[in-house]
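Have a look at the structure below before the remarks.
The values are calculated or read from the model by the stated rules, or taken from the named source; none is laboratory data. These figures come from a predicted structure and were not determined experimentally. All Cβ positions, glycine included, derive from the backbone under ideal geometry; neighbour counts span all protein chains shown. Heavy atoms of the whole protein, side chains included, go into the accessibility calculation; ligands, DNA and RNA do not. Shrake-Rupley method; radii C 1.70, N 1.55, O 1.52, S 1.80 Å.
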Amino acid sequence: MFSRARIWPNLALLAGSTLLAFGLYHVHSLSGVTEGGVLGLTLLLDHWFGLSPALTGFVLNGVCYLLGWRVIGKDFVLSSLLSGVQFSIAYAVFEQFDHLWPQLADQPLLAAVLGAAFVGVGAGVCVRAGGAPGGDDALAMSLNKLTRLDIQWLYLLSDLFVLLLSLSYIPLRRIAYSLLTVLLSGQIIGLIQKLRWPCKRTVQEGT
């Protein structure tokens, strides 16, 4: 995991996780446009119980990593732990500061597109570098190996489930924008998965 050959992939994991935490805090947490999967669950728990996503993300991701340990392999899970820990650290740092774009609370369409870009690129870079910043990423990769279903559709199924739960605190109209951001971010992740990557060891090669 910390060999010389893993220097650039590990840096990509750290950068992608930081970008993901940035988008979740500065876009999703204030706009009423949520995400699916573990990210959406952390926002739901933050709303109802005041629990920081930095904490709940760490716990939920850890559970998912354990569930996917045997399917996706030790190296992938260890890389995912690095990514997940960096996400929690970055989010904890970001929430010490004011939101950069408070106006996004009144611009749900812009928030949906911008949030999808941060989540899609951040998570996509991490998965392509051999790790998963969110536990649902690890589960999606596990199910992808078991079922051969396209990873973007596996993301969509888990995301829709969390969006249904999110109706408990988000109006239906905002859920529609949330569905848009989920669809866009999932497709971005899928596209990044198909890009040529300079690192020799990738997810497809069992890192």
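Descriptive notes on the structure:
- Scanning segment 93-108 for residues that are in a helix (DSSP H, G or I), at pLDDT below 95 and open to solvent by 70 Å² or more (accessible area, probe 1.4 Å) yields 102, 103, 106.
- From the list 88, 79, 29, the lone residue that is open to solvent by 40 Å² or more (accessible area, probe 1.4 Å) and within 15 Å of the chain's Cα centre (by Cα) is 29.
- Some residue of segment 171-183 being open to solvent by less than 50 Å² (accessible area, probe 1.4 Å), touching a Phe, Trp or Tyr at 6+ places or on another chain (Cβ under 9 Å) and over 16 Å from residue 31 (Cβ atoms): no
- All positions within segment 60-76 that are open to solvent by 20 Å² or more (accessible area, probe 1.4 Å) and aromatic (Phe, Trp, Tyr): 69
- If you go through segment 47-59 and keep only what is within 14 Å of the chain's Cα centre (by Cα) and open to solvent by less than 50 Å² (accessible area, probe 1.4 Å), you end up with 53, 54, 56, 57.
- Between 79, 83, 88, the distinction of being of a type in the set (Gly, Ala, Ser) and touching a Cys at 6+ places or on another chain (Cβ under 7 Å) belongs to 83 only.
- Matching entry among 55, 100, 78, 82 (being under 17 Å from residue 31 (Cβ atoms) and either in contact (Cβ under 8 Å) with a residue 12 or more places away in the chain or charged (D, E, K, R) (or both)): 100
- Scanning segment 32-46 for residues that are open to solvent by less than 40 Å² (accessible area, probe 1.4 Å) and not polar (S, T, N, Q) yields 32, 33, 35, 36, 37, 38, 39, 40, 43, 44.
- Taking segment 122-155 as the range and being closer than 23 Å to residue 22 by Cα and surrounded by fewer than 20 Cβ atoms within 10 Å (Cβ to Cβ) as the test, only 152 passes.
- Test result for residue 38, of a type outside the set (Phe, Trp, Tyr), modelled with pLDDT under 95 and not in a helix (DSSP H, G or I): no
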